[in-house]
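S.K.: Quick one: structure below, then a few questions.
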């Protein structure tokens, strides 16, 4: 193991920790133009690290690519995303309308 392998692995683990809240937040929306290129770059880096014999870095980069792929699948607005369809939008809209009927009127003092 070379020390550079450990450094790249630490960077990948850090990015996984930073991306996890985005994946867990049901209101998060990440554009496909951000998520897909990031996933591809992670996959290219992982392949490159693997060919250089830096196995830990390769695993870390591949894990980051998987995380970005999941974000693209679950948190990006696109027509194949079941959480971003018309039914989900209608449910969000109904929730906002129900909250606005609380009887409070801004500026009525």
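S.K.: At what distance in nm do the modelled label points of residue 4 and residue 40 sit from each other, each positioned 7 Å from its Cα along Cα→Cβ?
M.R.: Each label point lies 7 Å from its Cα, and together they span 2.6 nm.
S.K.: Ranking request for peptides 44-50, 67-73: highest mean number of other beta-carbon atoms within 10 Å first, then the rest in descending order.
M.R.: Sorting 44-50, 67-73 by mean packing, highest first, produces 67-73, 44-50.
S.K.: Could you work out how much longer the chain between residue 28 and residue 14 gets when fully extended? Use 0.36 nm per residue separation minus the Cα distance between them, nm to one decimal.
M.R.: Length gained between residue 28 and residue 14: 3.1 nm.
Read-outs: derived from the displayed coordinates by stated rules, not from any lab. As the structure is a computational prediction, the values presented were derived from the model and not from experiment. When we count neighbours, we look across all protein chains shown, and the Cβ atoms used for this are built from the backbone with ideal geometry, even at glycine.
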